[in-house]
1. With respect to Arg71, is the statement that it is without any contact (Cβ under 8 Å) to a residue 40 or more places away in the chain and in contact with an Asp or Glu (Cβ under 8 Å, 6 or more places away or on another chain) true?
2. Hey, does the stretch 23-38 have a residue that's surrounded by 10 or more Cβ atoms within 10 Å (Cβ to Cβ), touching an Asp or Glu at 6+ places or on another chain (Cβ under 9 Å) and not β-branched (Val, Ile, Thr)?
3. Hey, does the stretch 3-12 have a residue that's out of contact with any Asp or Glu (no Cβ under 9 Å at 6 or more places or on another chain), surrounded by 10 or more Cβ atoms within 10 Å (Cβ to Cβ), at pLDDT below 95 and not in a helix (DSSP H, G or I)?
4. Mind checking whether some residue in the stretch 17-35 is in the same structural domain as Tyr76 (by TED's automatic domain parsing), hydroxyl-bearing (Ser, Thr, Tyr) and closer than 16 Å to Leu73 by Cβ?
Amino acid sequence: MTRPEDCEGIEDVCRAIDELDRETIQLIGRRAGYGEQGVRAPERQRTMLEARRLWAEENGLDPDVIEDLYRNLVSYS
């Protein structure tokens with residue numbers, strides 16, 4: 001995959017994003033398999049969301065957006 005700084009045009013950017021999105025969706029599918037086991041653990045959810053917020057900050061992402069994303073993932077599975 002072309003690194004962002006090495007993209008020579010919109011085609012390179014779109015191709016890389018499509019590849020990353022495909023990988024992301026595959027990982028979400030794997031994650032959903034665990035969520036389908038029906039384990040309800042409210043304390044785990046709280047600490048998981050806190051960790052995802054921290055990871056978001058460490059990667060220069062908006063923690064609120066990432067928390068919303070993970071809340072949706074949890075409710076999906």
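The values are calculated or read from the model by the stated rules, or taken from the named source; none is laboratory data. Note that the coordinates shown come from a computational prediction; the quantities given were computed from them, not determined experimentally. Virtual Cβ from ideal backbone geometry, glycine too; neighbours counted across all protein chains shown.
1. No; evaluated as a whole, the condition is false for this residue.
2. Within the stretch 23-38, none of the residues are surrounded by 10 or more Cβ atoms within 10 Å (Cβ to Cβ), touching an Asp or Glu at 6+ places or on another chain (Cβ under 9 Å) and not β-branched (Val, Ile, Thr).
3. Checked against the condition, which is being out of contact with any Asp or Glu (no Cβ under 9 Å at 6 or more places or on another chain), surrounded by 10 or more Cβ atoms within 10 Å (Cβ to Cβ), at pLDDT below 95 and not in a helix (DSSP H, G or I), the stretch 3-12 yields at least one hit.
4. No, the stretch 17-35 has no match at all.
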